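The values are calculated or read from the model by the stated rules, or taken from the named source; none is laboratory data. The structure displayed is predicted, hence computed values, not measured ones. Glycine gets a Cβ as well: all are built from the backbone with ideal geometry, and neighbour counts include every protein chain shown.
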Amino acid sequence: MPYTADTPVPPPTAEELRARVPGWGADLDHADRPAWPKERFAPGVSGAHWEYPDEQQPREGRERSIEHLQLPPVFGTAQPLHGVSGAIRRFAYDRFSEGRAAHWLLLVAGDRVESTGAHLRSLLTLRPDNPVTETGVLSELHRHPIASRRGRVDVRHQLLDPVLVAGPWVLAGGVVWMLGRRLLRR
Amino acid sequence: MTYRGPYKVRVEEKDKPRIEHPNDAVIRVTLAAICGSDLHLYHGMMPDTRIGHTFGHEFIGIVDEIGSSVEGLKVGDRVMVPFNIYCGSCWFCARGLYSNCHNVNPNATAIGGIYGYSHSTGGYDGGQAEFVRVPFADVGPMVIPEWLSDEDALLLTDAFSTGYFGAQLGDIVEGDTVVVLGAGPVGLAAARSASLMGAGRVISIDQLDYRLEKAASFAYAETRNYTHYDDIVVEMKKTTGGLGADVVIDAVGAEADGNLVQHVTSAKLKLQGGSPVALNWAIDGVRKGGTISVMGAYGPLFSAVKFGDAMNKGLTLRMNQAPVKRQWPRLLEHIRAGYLKPSDMITHRVPLEHIAEGYHMFSSKLDGCIKTVVVPGS
C-alpha cells in the first residue's frame, strides 16, 4: 500500500513479460523512441528543399485567423466561403481570435445556417437530400442492431440522435404551420 | 463522399483535384479508413465543417500527377500519406513538430493541417474519395516498402502511429502500470505499444466487451469494462494497491461516455469542446506525480476538466496530434521483426459507394466494428 515506501503491486519480471509479449521492451531505451525528445532541431531531414515554400496562387479573399500575421503559403481550397454562412464565418475570422468563444460559436452557427440552406436548396434539385440513405440507417438491417446494443450504456443517448437530426425540421415545420394558420385566419 | 450536415454523408461526383502548388501531388486513393475522430465531424462537433467537404485523413494510393517542383515521387508510386499536412521548413517543422506546422492552415494557428478535417484544419478535402490533393509531396508521403501490405500501411497513416506516439508521451519506464482508456484503434495501438516500452502491466478500459476481447488478444492487456464497476476510478486504485497507475493514456476524446450529462452537453448539444469524462478519469486514476498522455481528439471550445486535481497531484500532462512520419522508421522495424501487425484491428471493409452505412455502423458500434476500411472503385 502507498502508506509505506514499497510499490504495493510489483509488476511481473522482465523475463516473464518477454516470454509472454512479443517485442516486450524493444523500445525500453528512450533513444529508440522516435518521439523523444519532443523537439529536435533538424531542419534538413524533412525532405523540404526550400527555406520558405512557394506561395500558392491565387491568394485574394482567403479567410484567415487574425492570429496569423500573414496568409500562410499553402492552404486548402475545398469549399470557399459563400452566402449567409460565408458572411458569418468571415466575421468570425476577421473579428475574433481563436482565444474567444465567440469565434468558435459563430463558426458553429455558420455550419448550421449552411446545412439548413443546403437541405432546402437540395429540394429544388434532381437529387434532394435523402435522410434514409444519407444517415446510413439501412445498415441496421444486416448489422445485428439489437445484439450489438445489448448492455451498452451509450444506448441511452443514442436515442437522442434521431431527435437531433429530425427535431429542428419538425420544430421549423410546426412554426411555419402555426404562422400560416394565423395568417389565413386574418 | 461529401458531408451533408450532422449525421449525413453521401457519395457524389466532384471535380478531380488539380495541382495547385508546385510541390503538390494528386493521389489516386486505393484504400482509406474511417477514423474515430471522423465521427466528431460526422456528428457536427467540429466548427467550420462545410457542406460538400470530403472527409478522410487515413489513406494510401498511387501517385497520379505531380507538380513541377516534386523531386522525391514519380507517377505510379505506391505511397502512404501521413494525416498531417506540413511544409517541413517552418519554425515548428524544423524542430520535428510536424503536426504543428505553421505554413498550411490559415484558419487556425492552434491546429496544423489535416486532410478532410474541416476548414478549422486548413480546408483540404480528404481521402475518402477516388482522388485527393496532397500538398508538399516531397515532405509527407512515403513510398510503401514492397514487403508491407496495403492494409498495414493504411493503419500507419494515423491510428497505429498515433497510439505508438501516445505511449511514448507517457514516458513509460520498465515495470510501469499503464492504463489505456478506450479500446478503439488508437487505444489498442497504445496498449500494444506500451509493452514495447517496457510496461509491467497494461490495463485497457472500455464499455464494449468485444473491444476489450481485442485488447486482450491484440495488445496482451488486462481488461476492465467500466460499466461493471460502480466507480472505475476506485477500481483503478484497488488494482494498483491504492497507488494509482503510473501512466494513463486517454484514447477516447470528445465523445466519451460514462457520464450522461458530460456526454450530452458536449457530443449532442455542443456546449463543450468535448466530453472530458476520460480525461477526468485519467486525472483521478493516475498516481500522484504520474503522467497522462492525451491522444483523444477534442474540439477547440472549453471543456469541464478537473484541473485542480491535476495540479494538486503534481501530474505531467503530455499531448499533441501525432507527427506521424517520425514514427514510421521504428514502426516499420517492429512490423518487419514480427512484433506488430496493425491490420489485425480491421473488422470491416466497405465500398466507397456504401460509406454512409459504414459511418452509421462505426458511429453506432454495430456488428463488432472496430476499424472500417473504405475501398474506392470496388
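Out of all the residues in segment A:69-117, which are surrounded by 22 or more Cβ atoms within 10 Å (Cβ to Cβ), without any contact (Cβ under 8 Å) to a residue 24 or more places away in the chain and aromatic (Phe, Trp, Tyr)? Of everything in segment A:69-117, those that are surrounded by 22 or more Cβ atoms within 10 Å (Cβ to Cβ), without any contact (Cβ under 8 Å) to a residue 24 or more places away in the chain and aromatic (Phe, Trp, Tyr) turn out to be A:Phe75, A:Trp104.
Is at least one residue of segment B:117-134 more than 9 Å from chain A (Cβ to nearest Cβ), under 15 Å from the mean Cα position of the chain (by Cα), surrounded by 24 or more Cβ atoms within 10 Å (Cβ to Cβ) and within 19 Å of B:Met295 (Cα to Cα)? Checking segment B:117-134: at least one residue is more than 9 Å from chain A (Cβ to nearest Cβ), under 15 Å from the mean Cα position of the chain (by Cα), surrounded by 24 or more Cβ atoms within 10 Å (Cβ to Cβ) and within 19 Å of B:Met295 (Cα to Cα). Pick out the one residue from B:Leu279, B:Leu271 that is among the hydrophobic types (A, V, I, L, M, F, W, C), over 18 Å from the mean Cα position of the chain (by Cα) and on the phi < 0 side of the Ramachandran plot. On inspection, the qualifying residue turns out to be B:Leu271.
Scanning segment B:227-255 for residues that are more than 10 Å from chain A (Cβ to nearest Cβ) and in a loop (DSSP other than H, G, I, E, B), which turns out farthest from B:Ser161 (Cα to Cα)? So the residue we want is B:Asp230. Cβ separations smaller than 8 Å between residues 6+ apart or across chains give the following pairs from segment B:185-205 residues that are basic (Lys, Arg) to residues that are in a helix (DSSP H, G or I): B:Arg192/B:Gly163; B:Arg192/B:Phe218; B:Arg192/B:Ala219. Scanning segment B:99-116 for residues that are surrounded by fewer than 24 Cβ atoms within 10 Å (Cβ to Cβ) and not in a loop (DSSP other than H, G, I, E, B) turns up just one, B:Asn100.
Within the option set A:Leu124, A:Leu120, being of a type in the set (A, V, I, L, M, F, W, C) and either part of a loop (DSSP other than H, G, I, E, B) or within 7 Å of chain B (Cβ to nearest Cβ) (or both) holds for one residue only, A:Leu124. Determine whether segment B:64-73 contains at least one residue that is surrounded by fewer than 20 Cβ atoms within 10 Å (Cβ to Cβ), at pLDDT 95 or above, in the same structural domain as B:Gln327 (by TED's automatic domain parsing) and not in a loop (DSSP other than H, G, I, E, B). Within segment B:64-73 (the criterion being surrounded by fewer than 20 Cβ atoms within 10 Å (Cβ to Cβ), at pLDDT 95 or above, in the same structural domain as B:Gln327 (by TED's automatic domain parsing) and not in a loop (DSSP other than H, G, I, E, B)), the answer is yes, since at least one residue qualifies. If you go through segment B:264-300 and keep only what is hydrophobic (A, V, I, L, M, F, W, C) and modelled with pLDDT of 90 or more, you end up with B:Val277, B:Ala278, B:Leu279, B:Trp281, B:Ala282, B:Ile283, B:Val286, B:Ile292, B:Val294, B:Met295, B:Ala297. Within segment B:289-306, none of the residues are without any contact (Cβ under 8 Å) to a residue 24 or more places away in the chain and surrounded by 19 or more Cβ atoms within 10 Å (Cβ to Cβ). At pLDDT below 95 and of a type in the set (D, E, K, R): does that describe A:Arg40? So A:Arg40 passes the test. Anything in segment A:22-31 that is more than 15 Å from B:Gly170 (Cβ to Cβ) and either in contact with a Cys (Cβ under 7 Å, 6 or more places away or on another chain) or more than 7 Å from chain B (Cβ to nearest Cβ) (or both)? List them, or say none. Scanning segment A:22-31 gives A:Asp29, A:Ala31. For segment B:1-26, a residue qualifies if it is among the polar types (S, T, N, Q) and surrounded by fewer than 17 Cβ atoms within 10 Å (Cβ to Cβ), but none of them does.
Kindly indicate whether any position in segment B:352-370 is away from every other protein chain (no Cβ under 13 Å), within 18 Å of the chain's Cα centre (by Cα) and of a type in the set (A, V, I, L, M). The answer is no, given that none of the residues of segment B:352-370 is away from every other protein chain (no Cβ under 13 Å), within 18 Å of the chain's Cα centre (by Cα) and of a type in the set (A, V, I, L, M).
Within this structure, A:Ser115 fails the test of being of a type in the set (Ser, Thr, Tyr) and under 30 Å from B:Cys90 (Cα atoms).
Only one entry in B:Ile144, B:Ile111 is out of contact with any His (no Cβ under 6 Å at 6 or more places or on another chain), touching a residue at least 24 places away in the same chain (Cβ under 8 Å) and under 28 Å from A:His103 (Cα atoms), namely B:Ile111. Here B:Ile60 passes the criteria (1) part of a loop (DSSP other than H, G, I, E, B); (2) touching a helix residue (DSSP H, G or I) at 6+ places or on another chain (Cβ under 7 Å) except the one numbered (1).
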